[in-house]
Structure formats: structure tokens, C-alpha cells
Amino acid sequence: MDGNGRWAKKRHLPRAVGHQRGVEAVRTLVRAAREMGLEALTLYAFSTENWRRPEDEISALMGLLKRYIVADIDEFVANNVRLRIIGDHTALPADVVALLDDALARTATNDGTTLVIALNYGAQDEIVRAATKAAAKGAITPAAIEAELDTAGLPPLDLLIRTSGEVRLSNFLLWQAAYAEMWFTEVLWPDFTPDHLREALVEFGRRERRYGGR
């Protein structure tokens, strides 16, 4: 979900306003994903590298996360949305952790769309942790590592979307993206709508997936 800061800069607004609009885009897209019948939607919300940002920006992001969870948890429950976190969310501020843990518990038995939020997540860190756990149990194989990834139990990654014109993975789901289709758009995240998601899904449906075969 890239481009919040640039969206705000183009409008001569504080970066925090861009992040606020980005959260509104999240709310709209999560509802649309459920209506479209998507099995799972993963959003890269806060990376292990994002701790390098200015302290006031990190604080604003944590505040937005808290407000989003508080405002939407009842809707998740009512609409059978299951929340899942990847990354080490326990390293976030204690009040944020408490809200997330409550939301995870309240939605644990839901079996509709799974909303996966990547928080304090980095794919390289995830792979190292998974390989270490696999090695402690026995032989290191692709299946053994996959079983220890943060995404264990989730459906395979089919489509990876990146907004704002950036054309790189930025340490996101590196293992899972091995055979995922990718779709890049110039649209900044706050302007990303359900119509853009549908466009990406239509393009995905046209592609022939060979997984290394001919």
C-alpha cells in the first residue's frame, strides 16, 4: 500500500493526512474483498524497516492502527472476517498489542475472508526465523520451512499488487511470491479503489500460470 506520503505532498498536506486517507482506502478495500469473495487479503501495514521513520510519523501510524481496529472490529465479527497478523506484532506499543490480541481472539472462529495484516514484518526475517525453527526439528526442506512461515495455514499467494509506480517487492512475502503473479499500478494507495482491485483481478484471470512448466 504505497504512496500515502506522496499523495499528501502533491496536495501540500501533512504526511499524516495521507496515512489517514490510506486507512480509509483500506476500509473500503476490505469490504470490497469480502463482497468479491476473496479468500484472503494481505496488507503490508508496517515493515521492520519502517522503524527508521521519524518518531512522530511512527506514533501517528500506531494511532491510526488503533483507531482502525477499534472502529471496525465489530464489523469484522458481524461479517465473518477473520483477522490474522504476520510479523512480530508483540514489539509494537503495549496498547496496540492489547487491541490486536483482542481482535484476533474475537475473530478466531470466523471462516469468511481472512484479513492478514503484516505488522513489524520483513520477509527476510520471516525466512530466517522459519529456517531456524525447521532446523531445530530436523531436516531443512522447502516443506519444513513453509510450515514455519508466518503465513502457514493461509492459502498460497496468487496475486501481489503494488501501488504508486514502485516496481519491487521491498522485503514482502519473498518466499510466498515465488510463483505469484504481480500487478503494478501508478495509482497512489489513497486513490486505490475497488474498481482498481477488479481491474487487477481481471488481468490476473487472463494470465496463464505454468509454475515453471511449458
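If residue 47 meets every condition in (1) farther than 21 Å from residue 99 by Cβ; (2) small (Gly, Ala, Ser); (3) at pLDDT 95 or above apart from one, which number is that one?
Of everything listed in (1) farther than 21 Å from residue 99 by Cβ; (2) small (Gly, Ala, Ser); (3) at pLDDT 95 or above, residue 47 misses just condition (1).
One residue is enough: does the stretch 122-145 have a residue meeting the conditions modelled with pLDDT of 95 or more, closer than 15 Å to residue 42 by Cα, of a type in the set (A, V, I, L, M, F, W, C) and outside any loop (DSSP other than H, G, I, E, B)?
There is at least one residue in the stretch 122-145 that is modelled with pLDDT of 95 or more, closer than 15 Å to residue 42 by Cα, of a type in the set (A, V, I, L, M, F, W, C) and outside any loop (DSSP other than H, G, I, E, B).
Tell me, please, whether a residue that is farther than 27 Å from residue 201 by Cβ, out of contact with any Lys or Arg (no Cβ under 7 Å at 6 or more places or on another chain) and part of a helix (DSSP H, G or I) can be found in the stretch 21-37.
Quick first cut of the stretch 21-37, residues farther than 27 Å from residue 201 by Cβ only: none.
Within the stretch 21-37, none of the residues are farther than 27 Å from residue 201 by Cβ, out of contact with any Lys or Arg (no Cβ under 7 Å at 6 or more places or on another chain) and part of a helix (DSSP H, G or I).
Out of (1) part of a loop (DSSP other than H, G, I, E, B); (2) of a type outside the set (A, V, I, L, M, F, W, C); (3) in contact (Cβ under 8 Å) with a residue 40 or more places away in the chain, the odd one out for residue 208 is which?
Among (1) part of a loop (DSSP other than H, G, I, E, B); (2) of a type outside the set (A, V, I, L, M, F, W, C); (3) in contact (Cβ under 8 Å) with a residue 40 or more places away in the chain, the lone unmet condition for residue 208 is (3).
If you go through the stretch 115-130 one residue at a time, do you hit one that is in contact (Cβ under 8 Å) with a residue 12 or more places away in the chain and farther than 30 Å from residue 59 by Cβ? Let's see the steps before the verdict.
The initial filter retains those residues of the stretch 115-130 that are in contact (Cβ under 8 Å) with a residue 12 or more places away in the chain, namely 115-127, 129-130.
From the residues that got through so far, the ones that are farther than 30 Å from residue 59 by Cβ too are 130.
Yes: the stretch 115-130 contains one or more residues that are in contact (Cβ under 8 Å) with a residue 12 or more places away in the chain and farther than 30 Å from residue 59 by Cβ.
Of the residues in the stretch 42-84, how many are within 23 Å of residue 105 (Cβ to Cβ), without any contact (Cβ under 8 Å) to a residue 60 or more places away in the chain and either outside any helix (DSSP H, G or I) or touching a Ser or Thr at 6+ places or on another chain (Cβ under 7 Å) (or both)?
Number of matching residues: 7.
Quick one: would you say residue 166 is assigned to a helix (DSSP H, G or I) and of a type outside the set (A, V, I, L, M)? Walk me through how you get there before you give the answer.
On the way: assigned to a helix (DSSP H, G or I): no; of a type outside the set (A, V, I, L, M): yes.
It is false that residue 166 is assigned to a helix (DSSP H, G or I) and of a type outside the set (A, V, I, L, M).
From 144, 134, which residue is more than 18 Å from the chain's Cα centre (by Cα), surrounded by 15 or more Cβ atoms within 10 Å (Cβ to Cβ), closer than 25 Å to residue 91 by Cβ and not aromatic (Phe, Trp, Tyr)?
Working: 144 fails: closer than 25 Å to residue 91 by Cβ.
Answer to the selection: 134.
Answer yes or no: is there a residue in the stretch 153-160 that is assigned to a loop (DSSP other than H, G, I, E, B), in contact with a helix residue (DSSP H, G or I) (Cβ under 7 Å, 6 or more places away or on another chain) and either at pLDDT below 95 or of a type in the set (S, T, N, Q) (or both).
No.
Can you find, within the stretch 180-214, the residue that is surrounded by the most Cβ atoms within 10 Å (Cβ to Cβ) among those that are under 30 Å from residue 143 (Cβ atoms), under 18 Å from the mean Cα position of the chain (by Cα) and not aliphatic (A, V, I, L, M)?
183
Can you pull out every residue in the stretch 58-72 that is in contact with a His (Cβ under 8 Å, 6 or more places away or on another chain) and over 15 Å from residue 91 (Cα atoms)?
To start, the set of residues in the stretch 58-72 that are in contact with a His (Cβ under 8 Å, 6 or more places away or on another chain) comprises 60-61, 64.
If the condition is that a residue be in contact with a His (Cβ under 8 Å, 6 or more places away or on another chain) and over 15 Å from residue 91 (Cα atoms), then 60, 64 are the ones that fit.
How many residues are of a type in the set (Val, Ile, Thr), surrounded by fewer than 16 Cβ atoms within 10 Å (Cβ to Cβ) and touching a Phe, Trp or Tyr at 6+ places or on another chain (Cβ under 9 Å) if we restrict to the stretch 81-122? Working first, answer last.
We begin by selecting, within the stretch 81-122, every residue of a type in the set (Val, Ile, Thr); these are 81, 85-86, 90, 96-97, 107, 109, 113-114, 116-117.
Cutting the leftovers down to surrounded by fewer than 16 Cβ atoms within 10 Å (Cβ to Cβ) gives us 90, 97, 109.
From what is left, the residues that are touching a Phe, Trp or Tyr at 6+ places or on another chain (Cβ under 9 Å) are none.
Total satisfying the criteria: 0.
The values are calculated or read from the model by the stated rules, or taken from the named source; none is laboratory data. None of these values were measured; they are calculated from a predicted model. All Cβ positions, even for glycine, are placed from backbone atoms using ideal geometry, and neighbour counts span all protein chains on display.
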